[in-house]
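The values are calculated or read from the model by the stated rules, or taken from the named source; none is laboratory data. Just so it is clear, the structure is predicted and the values come from calculations on it, not from any experiment. For neighbour counting, all protein chains shown are included, and Cβ atoms are generated from backbone atoms with ideal geometry for every residue, glycine included.
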Amino acid sequence: MNTPPTPKPPHWAQRFIAWYCKPGLAEDLIGDLNEYFERNVQSVGPRRAKLIYMIDAFKFFRSYTVRKPTFANFLINPIMIGSYVKTSARNLMRNKLFSFINIVGLAISMSVGLLLIAFVLDLRSYDRFHQKGERIYRITSVLTSNREQSSKFASASIKTGKLIREKVTGVEEVAIVRDFSQDARVGDNLLPLKGYWAEPSLFRIFTFPMLEGNPENALRDPYSIVLTETAAKKLFGNERALGKAIQLDTLAYQVTGVMKDVPFFSHINFEALVSLSTAQQLNKHDKNFEKWTNMGSNYVYLLLPPVANKTSIQSQLDAIAQEENLTGENTKIQLELLPLYQIVVGENLGDMRGSVRVHMPPVVLWILGGLALVVILSACFNYTNLSIARAMRRFKEVGIRKAIGAGKGHIRQQFLAEAVMISLAALVLSCCLFLLLRPQLINLAPEMQRTVKLELTPGMITAFIVFSVTVGVLAGLLPALFFSKVSAIQALGNVSALKVFKHTTLRRALVVMQYTFTLIFVTTTAIGYVQYKNILAFDLGFNTENILNIHMQGNKPDAFLKELSEMPEVTGLSRSLIITSVGNAWGGYMTYKDSRDSALVLTNHVDENYLPLHEYKLIAGRNFIERPITAKAAREVIVNEQVLKRFNIAAGDPGKAIGEEVTFSNIQVTGRKMRIVGVIKDFHYGKVDNLIEPVAFLFWTPEDRGIINAKIQSTDILATMAKIESVWKKIDRVHPFQAKFYTQEIEDAYSELSSMIKIIGFLSFLAISIASMGLFAMVVFTTETRLKEISIRKVLGATTGNLLLLLSRGFLWLLLISALIALPLTYLFFKEVVLTRFPYHTPVQFTELFAGLLAVLLISFGMIGWQTMKAARSNPAKVLKSQ
């Protein structure tokens, strides 16, 4: 009969106690806990006894039981610090090549880390100047239509703000703001002003200091305006602005306040605030102005009490939404709370007709952080590789230290101090690189210039130093652990005995990891660049070549069109409300025969010249003929094939769909009956990462100022642009000329993708540089240690080719292993993750996948060949005599 094994306390719990407990207490504490464990086994059973033991192991983690950290002795002993610094400095000077490679490699990689730290700190600085920032929230509107997925928007209706103020308890303040943009006139001085229609409560929620005027009543009365300090100086010069009059359109507004300029790190930026009561008075006859579903251009901010019940507030918002949604047939809106500090770095929200907002998705920060970490790890691998590669030369040093009484902790501290010294030296160089790279990053895309400054601050410098020390510890950790485990007797042993896997040395594993990361970088850059170029050259379904889009900025186009038509370089002209295929969107809801079946249809308002100018393919029907004066009078519509499929109009037959009637509603007109007069072939209204959706073209009316599209045929584009700009200045002397060619608009639309590819390409270059420096050092070291072998082989008749194969074979095998890991991973990443966002992408080609591998192989083989040739040319007699 077998006797059951005696239950024993958890071994890891005993080791945990021995690790943190003072040596004088650990033995007694473990003994007492073991006795309690034996009693508990008898009373409550082995399982509960082990659970109690584990809880007690953590319970006794107290200030009086915890041992003093071993590194404390290092920190408080200046003599020991001085010894470590001197020893490390001598070792660095004695090995200048390896020290140079380590410092430069760490400096290059750390400069990327410094840029990322500065970037994150700038993003974290947004809206932190508001004294009540932790209590400020913005309302997010979640819009859902019939048969459509829900979409989140940063905007909310004016009615939403009023209902919250009236019905929601537990809210301290509510502020409604609405986008504002007009030209301000003071005498002969005319200035375009951008800002918000706002309520007095805005100053009670946000911290915007007032220089002149009373913030409590500055925005109370109609036709009141508050200017920023800079806007006041532009309009009034050195004169006092308070109490003066400003003319906006045909109305006079009184300056009731002058405030400090809005800080750079604010998610809302403005030059002026105009009382919201003015906008309400100007739109008192507009039924849609305060409609529940009219979210465009409005934003609602809440200030909650210091102790707020957000669950209760959210339930009250749900109740408001449920009640208001009963009145709407096609759309449902839900309301959510969004903290102020999550507006800039948070979920990407739509912005219906609103101005451009500063925003950075968290996933971008995670991607950039991951890429920077890979580059930093590559440099750390270099340091580890070179430190362990030179182990034979340092084993005697370690053996002597241990023979005279040095413990494992002292050896670890020595090598960590050396790594930190190298990292701090690299920090100086990396700061110089940071200052050189900072303007390049800021100018990488227009969004960057509006988002970050990357200026050095005391907090940023402190973060840099902490980062440098962390990198030093990370780089020196493996060498420190490696050398500390070696005894004085083992100091004469073989370094290569240290294994990570069964047949793989630590150095080889690190080389494989480093080149795997490098190949992933390079291959990602190659594939991404090709895909980006394919996107720019993608067939959108219409022509964009030589079409100049001119923004009218609120001006009537007739006089400008007449001037342009007389220019020989302009071969065609049309008008449109927006520029499609670059991310802009306008739309409304369409129904066919079933009024309960509605769908969101994207629209553009165009004239009769738009389709032929852009060479749209009209597959049935005709172009526009009628010329309506107002949007309500427009009764003709041209649709794409997707509209026919969505509503099953004429069973999808374009010819039979002509003459069919649909009902269209948007923020301008509700329930408008329209007749299909034409069907065009499907085209890309949105970006190519979106599926082709139902689109309708409505006729352009004088109410739509929008865009002028000019077809340019010229051998001197710069001269033609200057000529058009001179015509613009005749029409508008205030607003700057804003015009871009369609192809440039498309490039700008994908600037984020372009910037990401540039960043990854830059990191790829750094990764190759760092890995190449590491490989160069390893080849130099290997060649030096095998110089005697090379000489003997040369004496015995080995050729240069034989020696090249001998020395390069091991490294090339490691690169091949890296390629077998990196290339499939990169291919699967693009196929399963990246390219799934682009329905119309082109497949990854063989040349894109292997271009990076070929480049890395050529660089590696060149360095190996150079060192091998150098060793092969050495005189065997001198080498063997000196060895």
#### Entry: From the options TYR64, TYR126, residue that is aromatic (Phe, Trp, Tyr), modelled with pLDDT under 80 and outside any strand (DSSP E or B)
TYR64
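Every residue in segment 267-286 that is under 27 Å from LEU121 (Cα atoms) and among the aliphatic types (A, V, I, L, M), please. Spell out the reasoning first.
Keep residues of segment 267-286 that are under 27 Å from LEU121 (Cα atoms), which gives 267-271.
ILE268 - this is the single residue of segment 267-286 that is under 27 Å from LEU121 (Cα atoms) and among the aliphatic types (A, V, I, L, M).
Given the residues LEU437, LEU477, LEU416, which is the only one that is under 27 Å from SER125 (Cα atoms) and either in contact (Cβ under 8 Å) with a residue 60 or more places away in the chain or crowded, with 20+ Cβ neighbours inside 10 Å (or both)?
On the way: LEU477 fails: under 27 Å from SER125 (Cα atoms); LEU416 fails: under 27 Å from SER125 (Cα atoms).
It is LEU437.
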### Message
Consider segment 1-44. How many of its residues are surrounded by 12 or more Cβ atoms within 10 Å (Cβ to Cβ) and not in a helix (DSSP H, G or I)?
### Response
6
### Task
Check LYS711, LYS673 and return the single one that is in contact with a Ser or Thr (Cβ under 8 Å, 6 or more places away or on another chain) and more than 25 Å from VAL601 (Cβ to Cβ).
LYS711
### Task
Please list, ordered by first then second residue, the pairs with beta carbon atoms under 9 Å, 6 or more apart or interchain, first in segment 632-657 and free of Cβ contacts under 8 Å to residues at least 40 places away in the same chain and aliphatic (A, V, I, L, M), second in a loop (DSSP other than H, G, I, E, B) and buried (at least 20 other Cβ atoms within 10 Å of the Cβ).
LEU644/PRO694
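Based on this model, can you work out whether LYS159 counts as in the same structural domain as PRO263 (by TED's automatic domain parsing), farther than 21 Å from HIS735 by Cβ and of a type in the set (Lys, Arg)?
Details: in the same structural domain as PRO263 (by TED's automatic domain parsing): yes; farther than 21 Å from HIS735 by Cβ: yes; of a type in the set (Lys, Arg): yes.
For LYS159, the condition - in the same structural domain as PRO263 (by TED's automatic domain parsing), farther than 21 Å from HIS735 by Cβ and of a type in the set (Lys, Arg) - is met.
Just the residues that are of a type in the set (Ser, Thr, Tyr) and at pLDDT 90 or above, please, taken from segment 601-656.
First pass over segment 601-656, keeping only residues of a type in the set (Ser, Thr, Tyr): 603, 610, 616, 630.
Matches in segment 601-656: THR603, TYR610, TYR616.
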### Query
Does segment 194-205 include one or more residues that are in contact with a helix residue (DSSP H, G or I) (Cβ under 7 Å, 6 or more places away or on another chain) and of a type in the set (Phe, Trp, Tyr)?
yes
## Note on the structure
Screening ARG394, ARG401 for residues that are surrounded by 18 or more Cβ atoms within 10 Å (Cβ to Cβ), within 46 Å of the chain's Cα centre (by Cα) and either at pLDDT below 75 or not assigned by TED's automatic domain parsing to the domain that holds ILE520 (or both) leaves only ARG394
### Query
From the residues in segment 836-847 that are out of contact with any Leu (no Cβ under 7 Å at 6 or more places or on another chain) and crowded, with 17+ Cβ neighbours inside 10 Å, which one is farthest from LEU858 (Cα to Cα)?
PHE838
#### Entry: VAL258 vs. criteria at pLDDT below 90 and either aliphatic (A, V, I, L, M) or part of a strand (DSSP E or B) (or both)
no
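Looking at PHE264, PHE289, which one is part of a loop (DSSP other than H, G, I, E, B), closer than 30 Å to LEU123 by Cα and aromatic (Phe, Trp, Tyr)?
PHE264
Test ARG178 against the criterion of being crowded, with 19+ Cβ neighbours inside 10 Å, on the phi < 0 side of the Ramachandran plot and in a strand (DSSP E or B), and give yes or no.
On the way: crowded, with 19+ Cβ neighbours inside 10 Å: yes; on the phi < 0 side of the Ramachandran plot: yes; in a strand (DSSP E or B): yes.
For ARG178, the condition - crowded, with 19+ Cβ neighbours inside 10 Å, on the phi < 0 side of the Ramachandran plot and in a strand (DSSP E or B) - is met.
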## Note on the structure
Per the list (1) surrounded by fewer than 19 Cβ atoms within 10 Å (Cβ to Cβ); (2) part of a helix (DSSP H, G or I); (3) in contact with a strand residue (DSSP E or B) (Cβ under 7 Å, 6 or more places away or on another chain), residue check on MET721 breaks on (3)
### Message
For segment 622-644, which positions are touching a Pro at 6+ places or on another chain (Cβ under 8 Å) and surrounded by 13 or more Cβ atoms within 10 Å (Cβ to Cβ)?
### Response
ASN623, ALA634, ARG635, VAL639, ASN640, GLU641, GLN642, VAL643, LEU644
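Going by the conditions given, is LEU718 more than 34 Å from the chain's Cα centre (by Cα), modelled with pLDDT of 90 or more and more than 30 Å from PRO628 (Cβ to Cβ)? Outline the logic, then answer.
On the way: more than 34 Å from the chain's Cα centre (by Cα): yes; modelled with pLDDT of 90 or more: yes; more than 30 Å from PRO628 (Cβ to Cβ): yes.
Yes, satisfied.
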### Task
Identify, by number, the condition in (1) surrounded by 15 or more Cβ atoms within 10 Å (Cβ to Cβ); (2) in contact with a helix residue (DSSP H, G or I) (Cβ under 8 Å, 6 or more places away or on another chain); (3) among the hydrophobic types (A, V, I, L, M, F, W, C); (4) in the same structural domain as PRO654 (by TED's automatic domain parsing) that ILE619 doesn't meet.
(1)
### Query
Given the structure, is ASN543 touching a residue at least 60 places away in the same chain (Cβ under 8 Å), among the polar types (S, T, N, Q), more than 27 Å from HIS684 (Cβ to Cβ) and part of a loop (DSSP other than H, G, I, E, B)?
no
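Looking at ARG185, ARG165, can you tell me which residue is more than 28 Å from the chain's Cα centre (by Cα), in a strand (DSSP E or B) and surrounded by fewer than 18 Cβ atoms within 10 Å (Cβ to Cβ)?
Working: ARG165 fails: in a strand (DSSP E or B).
Exactly one residue qualifies, and that residue is ARG185.
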